[in-house]
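Step one of this worksheet: look at the structure below.
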Amino acid sequence: MKSVVWFATGSQHLYGAVTLKKVAENSAAIVKGFNESEKISVEIVFKPVVTTPDSILEVCKAANNDDTCIGLITWMHTFSPAKMWIAGLKALQKPYLHLDTQFNRDIPWAEIDMDFMNLNQSAHGDREFGFINSRMRKNRKVVVGHWKEAGVQEQIDVWCRTAIGWKESQGLKVARFGDNMREVAVTEGDKVEAQMVFGWQISAFGTHDLIKYIDQVTDAEVEQLYAEYEQTYEVAADCRKGGKYHQNVLIQARYEIAMKRFMINGNFKAFTTNFENLAGLDQLPGLASQRLMAAGYGFGAEGDWKQAAMLRILKVMSEGKNGGNSFMEDYTYHFDPANPGVLGSHMLEICPSIAARKPRLEVHPLGIGGKDAPARLVFDSATGDAMNVTVIDMGNRFRIIVNTLDVIEPLAALPKLPVACAFWKAHPSLADGAAAWIYAGGTHHSVFTMALTPDYIENFAELADVEFVIIDKNTELTAFKKELKWNDLYYLLNKSLK
Ligand code: MN
């Protein structure tokens, strides 16, 4: 379904028809400018200027009821007395961005007169609107600057993409093949609360539900998909026809087809597996999970539905942007004081969207779980800016944690490690970054992204009204620990503030 953002300009009747006509013209010109800009990837729809409590309520209710509308941009070109906005903002269920801009960039020093002053009032009109939002404890994004400025348009695009992610979050269906890994704490959580807060519908299935689909896949379909593997990857000799592991690859192809069909039939957009719950399956779905991630599905290992849902949302937010997104795990430290870093990987399931080069398709024993040797794609990640994102359940609220990273080439070849991996320098340093993550209770699992920046996640957390903490170059451990304690207190009280 098409997604659009509505542009609603606030004013009042005090100014008279001539001024209001100009307000509408200027707003329409801004909308046109946004739609012509390559920086904004979502269509912006101009809405008639609102000047009364009724018209404000009406546009807010219409936004709620329009499935294509993912959010609103509001702007007060003139002064719009904000008591008029109370009913509308109370009703509004869509995300909104408050744009504090002005039609003209510069003050026209020589020409400025009282007519100009009556028309161009956003510097104070947007403060009136800001007050009522703060008074109502409304989470909203505030962007300030001239509307033609690249940085302003980029912030609008980040917010629009977050709104697309928020829409995806509502009703996002996650299929769990098996339950949580036994005794693991952090992958657990309150799924009822997750549905209320994020909209996620999380359903568990036994492997027999999947096996029904696996049994229906034909040999011809498997052969056809295998041919695609040979086109797409560098296939190891022992995985090719006649090789001792060829059958193991075909089994993963069968899983991939079956899982995809299962997901399409049930409208699932994310899934989890668990190597403790593989009854009736010969292998842990490795290659199959990697390929499904690359096709846009969210994935979480060991029953981790929170990261599975977040990965799907990040993939939707970053559609069309450079850089991939993958399920990830902090695997092993490199504590060399001269060059510390973290090797991120998983048993198998890293998404090839982050690969630096053409992945290699290989089969190796897993050494855990007691199943057949699974096929998987092996590659090193691309290098550059990245971040790890995770969602945890703190009991009385969800916390989203971000750690920014520099991904670099592994310091040496890893000839005996047959999995995909990424090697990174966490901010502000390995020691303080990891300590902050651990103090915050961050999972060993995360969503690794090279496509998005922390502002997307901050916006998303505000839309969900959940806690957001960031560990980046500016993080100072003592202050960070205090922030966690203050947040604990805030989330005890915040419900009574509203
Ligand atoms: Mn794991």
Report task. Return one number: the angle in degrees, 0 to 90 and rounded to the nearest 10, between the long axis of the Cα atoms of helix 454-464 and the longest principal axis of the Cα atoms of the chain. Result -> 70 degrees
**Report entry** Contour minus Cα-Cα distance for Thr52 and Tyr333 (0.36 nm per residue)
**Finding:** 95.1 nm
Query - Net charge dipole size for the chain [Lys, Arg +1 and Asp, Glu -1 on Cβ; Debye, nearest 20] - result: 880 debye
Query raised in the report: Given H placed on each backbone N at 1.01 Å, which residues far from Ala204 in sequence or on other chains put an amide H within less than 5 Å of it?
Result: Arg176
Report task. Could you check how much of the accessible area of the stretch 4-169 is carbon and sulfur, as a whole percent, using a 1.4 Å probe? Result -> 55 percent
Report summary line: Shape call for the stretch 294-349, from the Cα gyration tensor axes a ≥ b ≥ c (a/c under 1.5 means rounded, otherwise prolate when a/b beats b/c, else oblate), comes out oblate
Report task. Could you calculate the FRET efficiency of Leu411 with Thr68 from 1/(1 + (r/R0)^6), where r is the beta carbon distance between them and R0 is 56 Å, rounded to 0.05? Result -> 0.70
Query raised in the report: What lysines could a cross-link reach from Lys21, if we take a straight Cα to Cα line under 29 Å and drop same-chain neighbours fewer than 8 places away?
Result: Lys32, Lys39, Lys47, Lys61, Lys83, Lys90, Lys94, Lys141, Lys148
Report summary line: With the charge dipole of the stretch 173-497 built from beta-carbon charges (+1 for Lys and Arg, -1 for Asp and Glu) about the Cα centre, the Cα from Val184, Pro410, Gly298 projecting farthest to the positive end belongs to Gly298
Query raised in the report: Let a ≥ b ≥ c be the square roots of the eigenvalues of the Cα gyration tensor of the chain; is it rounded (a/c under 1.5), or, if not, prolate (a/b larger than b/c) or oblate?
Result: prolate
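Beyond 27 Å between alpha-carbons counts as too far, so tell me which of Lys371/Lys425; Lys315/Lys473; Lys315/Lys485; Lys306/Lys485 fall in that bin.
Pairs exceeding 27 Å: Lys371/Lys425; Lys315/Lys485.
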Query raised in the report: Which ³J(HN,Hα) values, rounded to whole Hz and listed in residue order, are derived for the stretch 204-210 from phi using the Karplus coefficients 6.51, -1.76 and 1.60 in 6.51 cos²θ - 1.76 cosθ + 1.60 with θ = phi - 60°, glycine and proline given as x?
Result: 9, 10, x, 5, 4, 5, 7
Query raised in the report: Cα axis of helix 246-266 to longest principal axis of the chain: angle in degrees, 0 to 90, nearest 10?
Result: 30 degrees
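How would the stretch 4-169 be classified by its alpha-carbon gyration tensor: rounded, prolate or oblate, with rounded meaning a/c under 1.5 and the a/b versus b/c comparison settling the rest?
oblate
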Report task. Select from Phe327, Ala308, Val342 the residue farthest towards the positive end of the dipole of the chain; place +1 on Cβ of Lys and Arg, -1 on Cβ of Asp and Glu, and compute about the Cα centre. Result -> Ala308
Report task. Could you pull out every residue, at least 5 positions away or on a different chain, whose amide H is within less than 5 Å of the one on Val4? Hs are placed 1.01 Å off N in the peptide plane, and Pro or chain starts have none. Result -> Cys69, Ile70
Query raised in the report: Which of the aspartates and glutamates could be linked to Lys358 by a straight reach, that is with a Cα gap under 13 Å, when you skip same-chain ones fewer than 8 residues away?
Result: Glu230, Glu234, Asp380
Query raised in the report: With axes computed from alpha carbons, what is the tilt in degrees of helix 305-317 against the longest principal axis of the chain, rounded to the nearest 10 within 0 to 90?
Result: 60 degrees
Report task. Describe numerically, in nm with one decimal, the distance between label points set 7 Å from Cα along Cα→Cβ at Lys485 and at Glu111. Result -> 5.8 nm
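Before anything else, pin down the relative contact order of the chain: Cα pairs under 8 Å, at least 6 apart, normalised by residue count, whole percent. The partial results should precede the final answer.
On the way: 1014 pairs, mean separation 60.3, N = 498.
Worked out over the chain, it gives 12 percent.
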Report summary line: For the stretch 4-169, the per residue accessible area (1.4 Å probe, Å²) is 46 Å²
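The values are calculated or read from the model by the stated rules, or taken from the named source; none is laboratory data. It should be emphasised that the depicted structure is a prediction, and the values quoted were computed from it without experimental measurement. Positions of Cβ are generated from backbone atoms using ideal geometry, with glycine treated the same way; all protein chains shown enter the neighbour counts. Areas reflect the complete protein model, heavy atoms only, side chains present, ligands, DNA and RNA absent. Shrake-Rupley method; radii C 1.70, N 1.55, O 1.52, S 1.80 Å.
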